[in-house]
1. Which of the residues spanning region B:23-38 are closer than 19 Å to residue A:5 by Cβ and touching a helix residue (DSSP H, G or I) at 6+ places or on another chain (Cβ under 7 Å)?
2. Within region A:54-93, which residues are over 30 Å from residue B:20 (Cα atoms) and either within 11 Å of chain B (Cβ to nearest Cβ) or not charged (D, E, K, R) (or both)?
3. Of these, B:11, B:75, which one is surrounded by 12 or more Cβ atoms within 10 Å (Cβ to Cβ), part of a helix (DSSP H, G or I) and among the basic types (Lys, Arg)?
4. Quick check: anything in region A:20-32 under 27 Å from residue B:82 (Cβ atoms), touching a strand residue (DSSP E or B) at 6+ places or on another chain (Cβ under 6 Å) and within 16 Å of DNA strand D (Cβ to nearest atom)?
5. Of everything in region B:14-55 that's within 14 Å of residue A:10 (Cβ to Cβ) and under 9 Å from the mean Cα position of the chain (by Cα), which residue is surrounded by the most Cβ atoms within 10 Å (Cβ to Cβ)?
6. Across region A:14-51, what is the total count of residues that are of a type in the set (Gly, Ala, Ser) and assigned to a helix (DSSP H, G or I)?
7. Inside region A:56-67, can you point out the residues that are surrounded by 14 or more Cβ atoms within 10 Å (Cβ to Cβ) and either of a type outside the set (Gly, Ala, Ser) or farther than 24 Å from residue B:86 by Cα (or both)?
2 protein chains.
Amino acid sequence: MPVDSDPDLFKAIGDATRRTILDELTDRDGQTLFEICGRLTMKHGLASSRQAISQHLAVLEQAGLVHTRRQGRYKFHHIDTSPLRSIVERWPIDREEPNP
Amino acid sequence: MPVDSDPDLFKAIGDATRRTILDELTDRDGQTLFEICGRLTMKHGLASSRQAISQHLAVLEQAGLVHTRRQGRYKFHHIDTSPLRSIVERWPIDREEPNP
DNA sequence: TTGACAGGCAAGTTGTGACTTGCCTATAAC
DNA sequence: GTTATAGGCAAGTCACAACTTGCCTGTCAA
């Protein structure tokens, strides 16, 4: 009776705002909380509060998708996509060669 | 200002019961609703009602992860993992060779 | 044609998760 | 020291999604 694994991972990518945060960190890695807030508002047009983004980042960090590094009063956020590997390993995707 | 794509996909895999259904269809493809209900109870120890599973299957079908085929009074469910490809394409996973 | 079986539809309940609000700590600039 | 900046903590609000409940439709066997 196998248990469901990585519930935190699926919860993390289940929210649209968190997915946009991952997009943003993919575009420019190592941003601070305030940077992310600013760019989400500017580029993606969604006006979320600082606290909301902070909570989203905590969820992403718990899922292992984001690692943080403190430096003085700044905290830099780095993306780590390796946990996503477990998804395609769990439900293998049939290889489909474009031109055999 | 890019829009978030595939919200249905992430919603679908965001629920633990639906992930177990995908596990079950990976193990044995083309099951009917009642078969899935039975095996979820037996093998995975979760006792969900028929209606609950039916609604889960509808969500999975809307995400393109499950396709259905009617035959008489039976409806067979087939898994399709290809939508999962968009996840690893959106946030590329760094290739890490085991032994360089 | 009547009963059993496989599945569908729709309204109601409830728990969880996203977001806010308010206040607090720590580092750096002046 | 004082002030501004970067971030944290915790309780409260609210909406949505999972699940239930009850009834209905369609297919097949007797």
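Coordinate-derived values only; no laboratory data. This is a predicted model, so every value here is computed, not measured. When we count neighbours, we look across all protein chains shown, and the Cβ atoms used for this are built from the backbone with ideal geometry, even at glycine.
1. Keep residues of region B:23-38 that are closer than 19 Å to residue A:5 by Cβ, which gives B:23-27.
B:24 - this is the single residue of region B:23-38 that is closer than 19 Å to residue A:5 by Cβ and touching a helix residue (DSSP H, G or I) at 6+ places or on another chain (Cβ under 7 Å).
2. Answer for region A:54-93, where residues must be over 30 Å from residue B:20 (Cα atoms) and either within 11 Å of chain B (Cβ to nearest Cβ) or not charged (D, E, K, R) (or both): A:54, A:68, A:71, A:72, A:74, A:76, A:77, A:78.
3. Values: B:75 fails: part of a helix (DSSP H, G or I).
Result: B:11 is the single residue among B:11, B:75 that is surrounded by 12 or more Cβ atoms within 10 Å (Cβ to Cβ), part of a helix (DSSP H, G or I) and among the basic types (Lys, Arg).
4. yes
5. Step one: filter region B:14-55 for residues within 14 Å of residue A:10 (Cβ to Cβ), giving B:14-23.
Subset that is under 9 Å from the mean Cα position of the chain (by Cα): B:18-23.
Values: B:18: 22, B:19: 22, B:20: 22, B:21: 27, B:22: 20, B:23: 17.
Checked region B:14-55; the qualifying residue surrounded by the most Cβ atoms within 10 Å (Cβ to Cβ) is B:21.
6. Of all residues in region A:14-51, those of a type in the set (Gly, Ala, Ser) come to A:14, A:16, A:30, A:38, A:45, A:47-49.
If we keep only those that are assigned to a helix (DSSP H, G or I) as well, we get A:16, A:38.
The qualifying residues number 2.
7. To start, the set of residues in region A:56-67 that are surrounded by 14 or more Cβ atoms within 10 Å (Cβ to Cβ) comprises A:56-57, A:59-61, A:63-66.
The answer is A:56, A:57, A:59, A:60, A:61, A:65, A:66.
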